[in-house]
Structures are given as C-alpha cells and as structure tokens.
Amino acid sequence: MPQPWMGKVIVITGASSGIGCALALVLAPHSPRLVLVARDQQRLQSVADQCEAQGAETLAVAADVADSEACRTMVQQAVERFSRIDVLINNAGISMWGAFDEISDLQQFERVLAVNFHGSVYCTRHALPYLRQSQGRIVAISSLAGLTGLPMHTAYSASKHALNGFFESLRIELADSGVSVTIVAPDFVQSEIHQRSIDAQGEPLGQPLPDHASFLSAEHCALIIINAMEKRKRLVLTSLRGRLGRWVKLLCPQLIDWISKTAVKKAYRRMQ
Ligand SMILES: NC(=O)c1ccc[n+]([C@@H]2O[C@H](COP(=O)([O-])OP(=O)(O)OC[C@H]3O[C@@H](n4cnc5c(N)ncnc54)[C@H](OP(=O)(O)O)[C@@H]3O)[C@@H](O)[C@H]2O)c1
C-alpha cells in the first residue's frame, strides 16, 4: 500500500484545535514530519504529543500568523529541523459575527483579514522557496463564505474571497513549477471557531452555533482535505449544498442570497 505522507514535512497552521488538530491526528499514523503552528503553546504541545504517540515526528511552533516575521522564523525552524518542506496547509483562521454598521472597532475587522488572509500570504511567501525545491503542495482552507457573500460575516467573507483570489492567481504563476495549489471550501464543521468568534463589539460569542452537533466532524473534513491534497485537486467543497450552490448561483444568484440570509438569520435568532 503506498504511503504518500511517510517522512513528508507537512506544516499545518492552526493545529491546536478543530480542523488543523484533526489533520495532524489523521496524518500522524502515516509517519510524517509535522510542523504544528498556533499561538497556544500548551495546546499545541498536547496535539504534538498525541501525534508522536501515533508515529509522527513533530515540531510545535508557537506563532501568530498575522506577524510576517513570526512566519519567517517558523519556516526557518521547520527547515533547520527537517531540512525541507513538502506541504503547507494554511488553515489558521478566526471569525466575526455582526452587522457591518454595528462594528464599533474597525481594528477587529482588520484583524480577521490579518489572520485569515495575510497569515496565509506570509506563510506561503516564506515557505515557497522550499516548496519549489520539493515540488510540493500548498493547501488553503477557505470557506463557502469565500465563494458567496454571508451576511453578518463581512470581514470573514471578505478575507476568504481575498484568499481565493490570491491562491487562484498564485496557482497560475506556479503552473510550471510542480507546486500545486488546492483550495478547500468547507461548509460548517464541528470546531471551536464559532464560540471563539467575536461579535461587532469585539466580545467572544462564547457558545457554539445551535446546530453544531449536525455539522461535519473535523475528522471527516480532515480526510476530505488529505484526499484532495494527495490528488493535487484545485478546489474542494465538503457538502452537496455547497457544490450545487455554485451552479444555482450562476442561474439565480438571488436565491443563493436568500438561502444565505435565511440560514444566518435562523442561527442568530437561536443564539439570542
Ligand atoms: N468550522 C467551520 O465551520 C469552518 C467552515 C469553513 C471554513 N473553516 C476554516 O477552517 C479553518 C480552521 O478553523 P476551525 O473551524 O478548525 O477553527 P478553530 O477550532 O477555532 O481552530 C482555529 C485554529 O487557528 C489557530 N489560530 C487562530 N488565530 C491564529 C493566529 N493569529 N496565529 C496562529 N494560529 C491561529 C487557533 O489556535 P490558537 O488560538 O492557539 O492560535 C486554532 O488552532 C479556518 O481557516 C476557518 O475559517 C471553518
């Protein structure tokens, strides 16, 4: 049986919880060399310990991806330890709920862009020379909100649209390099993103969405992502409604706006 990830150096940002943590744990039994990145050193080390117990080598790097120098240092540490980088998974992300005209501090808006968009740009820029050498893979964890607008999520949706534009462009630049770019646009996934999400006043919501239990598990999402990066796919959507929605949007964009508005309104009402 082929072991595509054995010995491969895989950098995962946002590896301390949710999808990033699940990616690390699903990959670990394949004996990769994992570089795990997030801000919370303690949680990160706990994920690293679990991965080591399952056969991975790990390096846990506490870094804020919104800081370009921190990303540069993280990449240097990865290369000093493992000599190469085969895969970069840009997964770290935060969310924000609230009507745009109620946002009191625009720095909070900018912070969402800084983490979700600039964080991926910085990591990719610093890792790219090594990815070129290995003819590696870049994976960007976007969102359905990067393919269509989502009310109450202007910052989040803007950050994911920017991410898609950046990686679509980079893919074309890298066409002859052997480096692939995979964009993943998940539907709702069980993770901590919603309870950690800030509201228009910058306060954390502190609770998961009401339908949290019905979302795709982070582990299932990780399996979809790993399959896509193995096959060097261009774009992966994790739900049928996401895949259908792309076609419906071409024919009747107002219907997609209505579905998006209704879904957010329903979730918001149930959170009050
Ligand atoms: N869950 C969903 O429904 C869903 C749907 C579509 C797309 N996504 C995307 O999936 C990705 C992963 O999110 P998740 O759902 O797994 O959320 P999560 O459970 O909240 O995990 C987010 C991860 O990002 C890290 N992170 C946040 N800010 C960071 C920063 N400034 N620097 C470095 N690391 C940072 C967090 O660790 P620290 O706090 O320790 O830094 C954590 O490890 C995100 O890009 C998100 O937009 C999620």
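What the table below lists for this structure:
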item	result
Region 176-209, residues that are open to solvent by less than 50 Å² (accessible area, probe 1.4 Å), of a type in the set (Asp, Glu) and more than 12 Å from the ligand (Cβ to nearest atom)	ASP199
Where ASN91 falls short, out of the listed (1) surrounded by fewer than 18 Cβ atoms within 10 Å (Cβ to Cβ); (2) of a type in the set (S, T, N, Q); (3) under 23 Å from VAL35 (Cβ atoms)	(1)
Among residues of region 1-27, those that are open to solvent by 10 Å² or more (accessible area, probe 1.4 Å), more than 9 Å from the ligand (Cβ to nearest atom) and outside any loop (DSSP other than H, G, I, E, B), counted	2
Identity of the residue in region 210-219, more than 14 Å from ALA185 (Cα to Cα) and not in a loop (DSSP other than H, G, I, E, B), that ends up least open to solvent (accessible area, probe 1.4 Å)	HIS212
Residue in region 247-258 that is within 16 Å of the ligand (Cβ to nearest atom) and out of contact with any Asp or Glu (no Cβ under 9 Å at 6 or more places or on another chain) present	no
Lone qualifier among GLN50, GLN76 - being assigned to a helix (DSSP H, G or I), on the phi < 0 side of the Ramachandran plot and within 16 Å of the ligand (Cβ to nearest atom)	GLN50
Enumeration of residues in region 225-247 that are assigned to a helix (DSSP H, G or I) and either open to solvent by 50 Å² or more (accessible area, probe 1.4 Å) or over 16 Å from LEU147 (Cβ atoms) (or both)	ILE225, ILE226, ASN227, MET229, GLU230, LEU240, ARG241, ARG243, LEU244, ARG246, TRP247
Residues that are of a type in the set (Gly, Ala, Ser) and surrounded by fewer than 24 Cβ atoms within 10 Å (Cβ to Cβ), drawn from region 28-47	ALA28, SER31, SER46
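The values are calculated or read from the model by the stated rules, or taken from the named source; none is laboratory data. Since the model is a prediction, treat every value here as computed from it, not as a measurement. For neighbour counting, all protein chains shown are included, and Cβ atoms are generated from backbone atoms with ideal geometry for every residue, glycine included. We work out accessible area using only protein heavy atoms, side chains counted, and drop any ligands, DNA or RNA first. Shrake-Rupley method; radii C 1.70, N 1.55, O 1.52, S 1.80 Å.
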